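The values are calculated or read from the model by the stated rules, or taken from the named source; none is laboratory data. Small disclaimer: the values here were computed from a predicted structure and weren't measured. Methodologically, a virtual Cβ is constructed for each residue, glycine included, from the backbone with ideal geometry; neighbour enumeration extends over all protein chains shown.
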Ligand SMILES: N[C@@H](CCC(=O)N[C@@H](CS)C(=O)NCC(=O)O)C(=O)O
């Protein structure tokens with residue numbers, strides 16, 4: 001049976017998994033959960049506890065969470081890319097995957113989610129702290145990323161799947177700017193990767209969904 005991916009083209013975590021699927025040219029059925037396709041959203045609510053996306057269905061197995069989904073793809077549907085290499089490289093890829101999700105994606109999402117809160121329920125302190133933390137994170141990445149082309153060096157891995165959407169959107173929230181040349185160049189290389197570029201194009205029609213207003217670039 002075909003793999004099914006429940007996700008949304010504008011969703012950063014969906015894009016993280018799509019990058020792996022596209023880069024490996026793995027066939028799958030895309031169940032877009034945009035309100036335009038209510039049957040996909042209803043099915044996702046049925047199979048996933050919080051209705052979060054991405055959610056992968058492989059025969060009768062439901063796989064939740066973007067990182068385990070990519071691990072599942074590597075184990076059960078391997079393609080040309082090795083998402084988690086062996087040994088030290090694999091440990092570095094796993095670490096950076098956590099770093100991009102927990103520090104870039106999470107802090108990026110605070111101001112975004114805050115804008116969606118009901119009037120009077122905003123958290124100005126939390127938003128300010130998250131914006132400041134993004135700059136600390138940028139400085140750390142600029143100092144600690146491999147010289148390229150990718151996060152751990154030569155291999156395009158799980159870490160890059162996580163990095164692409166998180167840096168894409170984080171830069172819209174707080175610009176990386178000219179003072180972090182290594183990180184800026186890495187973001188640009190990611191956006192030029194064919195699998196990432198495809199995700200960016202597929203998400204373009206949904207840019208009006210960005211709660212802070214999408215900048216006129218990228
Ligand atoms: N830790 C999860 C995060 C998934 C997640 O938060 N997805 C967002 C879209 S990017 C979502 O489902 N939002 C809908 C909601 O919160 O109801 C992963 O890695 O897959």
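Is it true that some residue in the range 169-177 is within 22 Å of residue 102 (Cβ to Cβ), surrounded by fewer than 22 Cβ atoms within 10 Å (Cβ to Cβ) and out of contact with any helix residue (DSSP H, G or I) (no Cβ under 7 Å at 6 or more places or on another chain)? Yes, the conditions are met somewhere in the range 169-177. A search for C-beta distances below 7 Å between a residue of the range 88-103 that is closer than 17 Å to residue 69 by Cβ and any residue that is assigned to a helix (DSSP H, G or I) and modelled with pLDDT under 95, counting only pairs 6+ apart in sequence or on different chains, returns nothing. Restrict the check to the range 35-45 and report whether at least one residue is modelled with pLDDT of 95 or more and touching a helix residue (DSSP H, G or I) at 6+ places or on another chain (Cβ under 8 Å). Yes, some residue in the range 35-45 is modelled with pLDDT of 95 or more and touching a helix residue (DSSP H, G or I) at 6+ places or on another chain (Cβ under 8 Å). Scanning the range 193-201 turns up no residue that is buried (at least 22 other Cβ atoms within 10 Å of the Cβ), without any contact (Cβ under 8 Å) to a residue 60 or more places away in the chain and part of a helix (DSSP H, G or I).
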